[in-house]
Structure formats: structure tokens, C-alpha cells
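*Asks:* This is the structure, below, for whatever I ask next.
The values are calculated or read from the model by the stated rules, or taken from the named source; none is laboratory data. Quick caveat, the model's predicted, so the values are computed rather than measured. With ideal geometry, Cβ positions are generated from the backbone for all residues, glycine too; neighbour counts draw on all protein chains shown. To get the accessible areas, we keep the full protein, side chains included, count just its heavy atoms, and leave off ligands, DNA and RNA. Shrake-Rupley method; radii C 1.70, N 1.55, O 1.52, S 1.80 Å.
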Amino acid sequence: MRRDHTELSREWARAIFATAHVPMSLPDILRYLGDLTERLVAALSGPQVDTEAAFDVGARLVAVGFTGPRSLSRTIEFLGKALPGTAAGSAAADPPCGRITELLAALAVGYIWALRGYFFTQQEKVVQALSRARPDLARPDIERDLRLLQQRLRHQTLHDLQTGLPNRQYFVSHLETVLGRLEPSAMVTVMHLNLNGFSAINDGLGHNAGDRLLDVVARRLESVVADQRAMVARLGGDEYAILIGPGEPVPNVEALAEIINTELAEPFYLDGVGIAVTATIGVVQRPVGRSTAQELMRAAGATLRRLRGRGKRQWDLFDPDIDAAERAELRLAAAMPGALETGELHVTYQPVVTLDGRTLVGIEAALNWPHPQLGELPNERCVQAAERTGVVYAVGQWLLRTAAEQAVSWRQGSGGGVPPVMINLMPSQAQDPDLVARIRAVLAQTGLAPAELELRAPVDAIRTTSGELAGEGGGHAEDNLRVLAELGVRAGLYDYGGGIGALRCVADLPVCTVRIARPISQQVAADPSRILSQGAQASVHIVRAAGVDVVAFPVDSEEQAACWPWIGANWAVGALFGPPGPPRDIEPLLDKQSDS
């Protein structure tokens with residue numbers, strides 16, 4: 001198995017390992033998922049997507065026991081982001097998002113059909129057992145055994161086999177019952193918990209330790225709410241839920257979250273090793289009259305997902321305003337694959353000029369989306385939407401190819417030299433191990449010379465504020481810029497805000513330009529004390545001393561343009577010199593340059 005596919009299968013295993021209990025060792029799971037990964041990558045490599053292979057992959061996940069409530073959703077979520085970046089995807093000239101969607105849809109259908117067959121098989125076994133027992137039903141002892149069997153089957157249907165807690169189905173059903181019998185003004189509290197560090201324990205110490213930990217967490221959560229009208233459930237994997245019914249006083253969720261984490265952080269010992277975790281907790285607390293079971297579960301889960309990027313041991317209450325904005329962004333992200341397929345996305349171009357003589361030195365290419373309901377969406381909104389889904393690679397490659405083709409067209413039309421087209425890579429693009437191969441393909445397909453292209457990476461995709469690499473992806477981003485510079489492509493940075501991490505990037509990498517972060521420009525422009533301006537000046541002069549061009553961004557007025565030479569920037573981009581627009585807006589500038 002290829003190295004990049006091996007890593008893909010490992011990440012897939014991490015994504016779904018805790019969603020179900022599979023009777024296989026971790027090495028066996030990795031080998032099994034490795035085979036499935038190879039099949040999926042191969043299914044994308046041909047002229048047509050091999051949907052039969054994807055269907056079979058879905059069925060094979062069920063066959064080994066990945067049948068947990070989150071197994072399929074986490075698989076789709078992970079593969080949707082990871083598959084577009086595979087080497088096979090590159091070989092297929094970066095298959096559009098429609099191919100990925102077709103592949104994952106076939107996988108989901110295969111999974112669902114196999115899961116349906118699995119449940120039918122289990123039900124048939126029960127029916128056969130009951131049929132064999134029918135001749136003896138008249139015997140009191142058999143009737144008793146059958147009642148016990150029915151009770152046991154019902155219990156297994158509604159409870160988690162590992163911890164004995166109610167499962168998701170039982171929890172939601174119980175929540176619906178509670179809501180149905182309470183007064184509209186009664187207050188209910190739902191908490192959705194995700195364990196921090198569970199995968200490290202499961203992977204590092206083995207399944208036995210992970211299973212023991214799940215049991216300990218279950219018992220400790222039950223003890224925390226033992227004196228309240230509450231239900232604790234395991235929703236699957238390392239996720240739990242708590243429902244607290246109305247009472248006086250209304251639960252103080254801040255205090256309750258702290259108690260929960262204090263209890264969970266107390267180690268228990270297994271073979272002399274102290275094991276403990278903490279939890280990230282999303283909480284929704286509202287009157288019954290404004291709630292449904294589905295909405296309460298969604299709200300708690302959405303709050304939990306929002307917290308995951310903040311770090312460990314966090315909690316927060318559901319905020320309807322934040323939720324509305326988040327759902328709007330999710331709807332936008334969900335619509336982007338279709339926008340790419342139907343040609344709704346555009347590329348805009350904006351001049352980059354010298355501050356002293358306003359000479360054209362580059363042309364920035366960026367995304368633009370004339371959304372039918374939301375109006376013109378600038379590059380930043382497009383990037384945010386693309387980064388939420390696997391379409392980020394397809395959109396990024398489309399932008400590169402479109403801008404390269406336009407640059408070649410300008411060159412051919414002018415009959416002379418054209419300044420480089422400059423593209424700010426999206427964070428995932430900058431960290432993509434296959435970026436160099438993708439750039440080589442664009443250059444070969446369009447005829448653009450390497451020196452006619454400038455690619456900038458965001459600083460925080462490379463280094464943290466303290467100067468350390470931004471994880472494995474940061475290392476990939478550094479390697480990409482170095483190799484691209486060796487190829488003759490101009491390498492640069494954007495969202496530059498100074499600090500150790502940003503300066504490390506300038507010191508260690510062969511960058512030729514740095515574009516200032518928007519917040520820095522905004523703060524400098526509104527800085528009567530000049531303290532911020534002096535800080536920016538020190539950082540910019542260090543960069544300029546290294547022979548790197550510094551681009552002020554955005555420069556929208558003559559007042560802003562006047563302050564930047566003192567700070568040290570020598571180039572600028574902004575509305576003062578021309579807003580983002582279609583290719584025809586750039587052509588007069590090129591004509592003027594060729595005449596001079």
C-alpha cells in the first residue's frame with residue numbers, strides 16, 4: 001500500500017475507531033481499512049467512478065462491525081475531506097466534487113443495505129428461536145424463559161452493551177416522553193459530552209483500557225446527577241448525554257460542568273497506570289414549551305461541535321444567535337459543490353502596485369461568488385465555506401487553473417511581459433502533500449511559466465504564534481513552499497501579523513513577498529498613539545531588510561497609502577488602486593504598462 005494511502009487509512013481508523021466495538025486488533029483494522037482505502041482511491045481513478053466498488057466498501061464496513069450510530073457519518077465526513085487530496089485524485093486531474101459525491105453516495109447506499117440485512121438476520125434468528133420453542137409454550141417454565149428473552153431483547157435494543165446506559169434511541173424516546181408530560185414553562189437541561197483524550201487511551205493502552213474507561217465514565221456521570229431527576233446515556237463512541245428534568249432550583253450548569261470534569265479527571269488505575277479524561281460539554285437549557293426532542297439534541301450537539309476548536313475541558317450554553325449564524329455558514333458550505341459544478345463561482349483580479357510610483361507589479365486572483373440570495377460573497381467567505389468540506393481542493397485547483405489560463409491569455413494578447421498572477425492558497429491547500437504535483441499539472445496544462453505565478457501560504461498554516469510548526473500540516477506547507485521556489489514559482493506569505501511564528505517563516509523559507517494581515521492594517525489606520533504603528537514598523541523593516549517585498553493590505557484611501565511607506569511597506573493592494581473585478585478591468589493597466 002502506498003505511503004500516502006497508509007496515512008489515509010490510519011486517519012480513517014482514528015475517525016471511526018471509537019464509533020463501534022469491532023472484534024479485531026488495531027493492526028488488523030488498519031490493514032482492513034487499508035484495503036478499503038485502496039479500493040476507493042482506485043474507484044476514483046478511472047474515467048467513470050466505480051460505484052460498485054464503493055457500494056462494496058460500504059457493505060464491508062458493516063461486515064466487520066462498524067455499525068455504530070456515528071460510523072457512517074464520520075466515514076462520510078472524513079472521506080469527503082480526505083479523498084480529494086489523494087494521489088489518485090491528482091492523477092485524475094483533480095476530480096470535481098461531483099465524482100466524490102457520487103462515490104460517497106454509493107458507499108452510503110452499500111452501507112445502509114448491508115446494515116438493513118444485518119438487522120433482518122438478527123431478527124430472523126430471534127424468530128427461529130421462538131418458532132423452535134413454540135411446541136413447548138404451554139409449559140410455565142418455557143413461558144417464563146420467553147418473557148425473560150423478550151425483556152432481554154428489549155433491554156439490548158434500548159441500552160448500550162458496553163456501559164449498560166440507555167442508548168441514543170432510548171434517550172431520545174425518553175426525552176420526548178418527558179417533554180410531552182411537562183408544563184410548557186417547566187425547564188429542562190440537556191448536556192452533550194465528548195471525552196477529551198479518549199482515542200489516546202484507546203490507541204495507547206488498548207481496547208480493554210478504553211472499555212474500562214467508558215464504564216468508569218458512565219458510573220461517575222450517574223453519581224454526579226444521582227440526586228436529580230436525570231438520565232445519563234451513551235450516544236456512541238466517546239459521547240454521552242445527560243437529561244435533567246425540572247426541579248428547584250434550576251440546575252446551575254456552570255457548577256455542574258465543573259463537577260463533572262472534576263469527577264472525570266480523578267484517575268482510576270489499570271495495571272498500575274492512572275487513567276483519566278475530561279469532557280467538552282455542549283448545554284441547552286430552555287422551557288419545555290419552546291422545545292422538541294430533536295431540536296434539543298441538535299442544539300446541544302451543535303454547541304459541542306462549536307466548542308471543539310477551543311481546546312479541552314470546555315463547556316458552553318447554546319446561543320441561538322451564534323447557532324443561526326453557524327447554520328447559515330453550513331448551508332453556504334453545503335451549496336458550494338453545486339456552485340462549482342454549475343459555474344456560479346467566479347475569479348476576480350486586483351492590481352498590486354508599488355507605493356512610490358503606483359507601478360503594476362502583480363495581479364491578485366481571488367474567489368467571488370454572486371450568490372442568488374446573499375449577493376456578492378468575497379474571497380474570505382468563499383474560502384471559509386470551501387474549508388468546511390472536501391470541495392476545498394477542487395475549488396482551489398479550479399482557481400489556480402482559471403487564473404493561470406487568464407495570465408497566459410493576457411501575455412499572448414499583450415505581446416509582452418505580464419506581472420505575475422498572485423494567489424493566496426487556502427490553509428488546506430497550503431498543507432496539501434500533493435500541492436506541488438497539482439501546481440506542476442497546472443503549469444503543464446496552461447503553459448504558464450513558473451516565474452509568472454506567485455503562491456502565498458497563510459502564516460498560521462505553517463507556524464503557531466510561538467514559532468512551532470502547525471502540526472504535520474505545517475511541515476507539509478514548509479516543504480511545499482521550498483519545492484515550489486526550487487521550481488521557479490514565486491513563494492510568499494499572507495495574513496502576516498508579526499510575532500515569532502511569522503518571523504520564523506520569513507527567516508526559514510525562500511519567500512519573496514509578504515502581505516500584511518487585514519487586522520494589522522485596520523489597527524494601524526486607527527492608531528493615534530502610534531504605538532501599534534511603531535510595532536508594525538519594526539516588524540516590517542526586519543522583513544524588508546531580508547530582501548522581501550511587503551504588501552500593505554487593504555489600502556483603500558490616500559490617507560492609508562501615505563502612512564505605509566513610513567511603516568516600511570513598498571507594495572500595496574486595495575480599492576484605491578482598483579477593486580477586485582473581471583479580467584477586462586486589468587487590461588487597461590497592462591496596456592498602459594506595455595506603452596511605457
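*Asks:* Kirkwood hydrodynamic radius, the range 1-61, all distinct C-alpha pairs: what's the number in Å?
*Replies:* Value: 12.1 Å, from the Cα pair sum.
*Asks:* What whole-number value in Å² describes the accessible area per residue of the chain for a 1.4 Å probe?
*Replies:* 46 Å²
*Asks:* Now a separate question. Just the ratio, please: alpha-carbon radius of gyration of the range 453-503 over 2.2 N^0.38 Å, N its number of residues.
*Replies:* Normalised Cα radius of gyration, the range 453-503: 1.09.
*Asks:* Right, something else. Using unit Cβ charges (K, R positive; D, E negative) and no other charged atoms, how large, in debye to the nearest 20, is the dipole of the range 278-385 about its Cα centre?
*Replies:* 660 debye
*Asks:* On a straight-distance basis, which aspartates and glutamates could pair with Lys592 in a cross-link, Cα separation under 20 angstrom, same-chain partners fewer than 8 positions away excluded?
*Replies:* Here the aspartates and glutamates satisfying the reach criterion relative to Lys592 are Asp356, Glu364, Glu452.
*Asks:* Can you give me the orientation-averaged projected area of the convex hull built on the Cα atoms of the range 411-498, in nm²?
*Replies:* 6.1 nm²
*Asks:* Continuing with this model, one more query. Calculate how large, on average over all directions, the projected area of the Cα convex hull of the range 170-228 is; give the answer in nm² to one decimal.
*Replies:* 5.3 nm²
*Asks:* Within the accessible area of the chain, what % is carbon and sulfur when the probe is 1.4 Å and the other protein chains stay in place?
*Replies:* 54 percent
*Asks:* So, one more: Okay, helix-only estimate at 222 nm for the chain: each DSSP H run of n ≥ 4 adds -39500 (n - 2.57), divide by all residues, round to 500 deg cm²/dmol; what do you get?
*Replies:* Helix-only estimate at 222 nm: -18000 deg cm²/dmol.
*Asks:* About the Cα centre of the chain, how large is the charge dipole given +1 on each Lys and Arg Cβ and -1 on each Asp and Glu Cβ? Please answer in debye to the nearest 20.
*Replies:* 1300 debye
*Asks:* Can you bin the range 347-471 into rounded, prolate or oblate? Criterion: square roots of the alpha carbon gyration tensor eigenvalues sorted a ≥ b ≥ c, rounded for a/c under 1.5, prolate for a/b above b/c, oblate for the rest.
*Replies:* Rounded, since a/c falls under 1.5.
*Asks:* Right, next: If one takes the longest principal axis of the Cα atoms in the chain, at what angle in degrees, from 0 to 90 and to the nearest 10, does the Cα axis of helix 558-567 lie?
*Replies:* Helix 558-567 and the main axis of the chain meet at about 90 degrees.
*Asks:* Over all Cα pairs of the chain, how is the pair count split among 20 Å bins, expressed in % and running from 0 up to the last occupied bin?
*Replies:* 17, 43, 31, 8, 1, 0
*Asks:* Provide Rg and Dmax in Å for the range 459-596, with only Cα atoms included in the calculation.
*Replies:* 16.3, 49
*Asks:* Based on the alpha-carbon set only, what is the convex hull volume of the range 161-265 divided per residue, in Å³?
*Replies:* 92 Å³
*Asks:* Just to confirm my numbers, what's the Cα centroid distance between the range 143-210 and the range 433-450 in Å?
*Replies:* Between the Cα centre of the range 143-210 and that of the range 433-450, the gap is 52 Å.
*Asks:* Taking the alpha-carbon centroid of each part, what is the distance from the range 457-518 to the range 223-283 in angstrom?
*Replies:* A separation of 42 Å, based on Cα centres.
*Asks:* Give me the Debye-computed log₁₀ of I(q)/I(0) at q = 0.11 Å⁻¹ for the range 234-393, equal point scatterers on Cα only, no solvent, two decimals.
*Replies:* Summing over Cα pairs of the range 234-393 leads to -0.69.
*Asks:* Also: For the full complex of protein chains and a 1.4 angstrom probe, list Tyr170, Tyr111, Tyr269 by accessible area with the highest value first.
*Replies:* Correct descending sequence by accessible area is Tyr269, Tyr170, Tyr111.
*Asks:* Determine how large the accessible area of Glu452 is when every protein chain is in place; take a 1.4 Å probe and give Å² rounded to the nearest 10.
*Replies:* 40 Å²
*Asks:* From the phi angles alone, apply the Karplus equation (6.51, -1.76, 1.60; θ = phi - 60°) to the range 166-180 and give each ³J(HN,Hα) in whole Hz, x where the residue is Gly or Pro.
*Replies:* With the stated coefficients, the range 166-180 comes to x, 8, 4, 4, 5, 4, 5, 4, 5, 4, 4, 5, 4, 5, x Hz.
*Asks:* Shape verdict for the range 240-334, please, from the Cα gyration tensor: rounded (a/c under 1.5), prolate (a/b greater than b/c) or oblate.
*Replies:* oblate
*Asks:* Just for the chain, what percent of DSSP beta bridges are antiparallel, to the closest 5?
*Replies:* About 65 percent, rounded to the nearest 5.
*Asks:* Residues with amide H under 5 Å of Asp316's amide H, sequence separation 5 or more or different chain, H placed in the peptide plane at 1.01 Å from N; which?
*Replies:* Result for Asp316 returns Ile281, Val283.
*Asks:* Please give the contour-minus-distance gain from Arg31 to Glu468: 0.36 nm per residue of separation, less the Cα-Cα distance, rounded to one decimal in nm.
*Replies:* Answer, rounded to one decimal: 154.0 nm.
*Asks:* Provide the per-residue ³J(HN,Hα) series for the range 65-75, in order, calculated from phi with Karplus coefficients 6.51, -1.76, 1.60 and θ = phi - 60°, each as a whole number of Hz, with x at glycine and proline positions.
*Replies:* So the J values, rounded to whole Hz, are x, 7, 10, x, x, 10, 4, 6, 5, 6, 5.
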